[in-house]
Amino acid sequence: MTQHAIKNQNERTIRQPILNIDTQVRSSSVNDKDHTFQIVWTTGARRRIKNWYAEEFDEELDLSPNAIRLDRMKSGSVPLLKDHKSHSIDNVIGNILPNSTRIENGRGIATVRFSTADQDQAIWEKIKSGVVRNVSVGYRVHK
């Protein structure tokens with residue numbers, strides 16, 4: 001796994017693999033016909049987290065246009081995975097729809113198209129019913 005440098009509150013550089021952030025599923029946006037729903041993938045809010053080396057730091061995502069790269073998300077090439085496991089196509093259960101990613105009122109929002117495959121329907125039912133309210137989004141810090 002590629003590691004990326006980030007700075008903690010003491011401005012000390014630490015090496016970090018891909019990070020994850022909890023993401024809200026907007027259950028009111030579920031479209032059963034199209035198998036789509038919206039996610040709020042960040043609010044930019046500061047939170048205290050630990051890295052893989054058990055070091056604590058404050059994470060705060062800057063959502064300004066010069067601070068965030070959305071090209072990959074806007075292209076539609078970001079998959080929705082089960083369990084952050086990308087080594088098998090069986091773990092792909094959806095994808096971010098092209099051009100659905102945006103920053104709106106200080107929140108990162110995107111629309112996900114969910115799989116219609118039989119083996120994924122139990123998860124879809126949990127999303128539709130509101131049982132699944134959060135997913136985890138992986139991201140990289142480049143600078």
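Taking H as built 1.01 Å from N, whose amide H comes closer than 5 Å to the amide H of SER115, not counting residues under 5 places away? Under 5 Å from the amide H of SER115: GLY94.
Around the amide H of ARG133, modelled in the peptide plane, lies no amide H under 5 Å away from a residue 5 or more places distant or on another chain. Rounded to the nearest Hz, the phi-derived 3J(HN,Hα) couplings of the stretch 45-56 under the Karplus curve 6.51 cos²θ - 1.76 cosθ + 1.60 (θ = phi - 60°) are 5, 6, 8, 8, 9, 10, 8, 5, 9, 6, 8, 8, where x marks glycine and proline. Close amide H contacts of VAL141 (hydrogens built in the peptide plane, cut-off under 5 Å, sequence separation of 5 or more or a different chain): LEU19.
In the neighborhood of GLN119, defined by Cβ-to-Cβ distances under 12 Å, what is the net charge if each Lys or Arg adds +1 and each Asp or Glu adds -1?
Details: positive: LYS82; negative: ASP90, ASP118, ASP120.
Residues near GLN119 contribute -2 overall.
For the stretch 107-119, putting each phi into the Karplus relation 6.51 cos²θ - 1.76 cosθ + 1.60 with θ = phi - 60° gives couplings of 10, x, 10, 8, 10, 10, 9, 8, 4, 9, 5, 3, 5 Hz, in residue order, rounded to whole numbers and with x for Gly and Pro. For LYS82, a cut-off of 29 angstrom between C-alpha atoms picks up these lysines, skipping any fewer than 8 places away in its own chain: LYS33, LYS50, LYS74, LYS126, LYS128, LYS143. Taking Cβ atoms as reference points and 11 Å as the exclusive limit, the residues near ARG140 contribute a net charge of +3, counting Lys and Arg as +1 and Asp and Glu as -1.
Taken together, the values in this text are just the output of simple stated rules run on the coordinates, not laboratory data. Bear in mind that the values here come from a model prediction, so they are computed numbers and not experimental data. With ideal geometry, Cβ positions are generated from the backbone for all residues, glycine too; neighbour counts draw on all protein chains shown.
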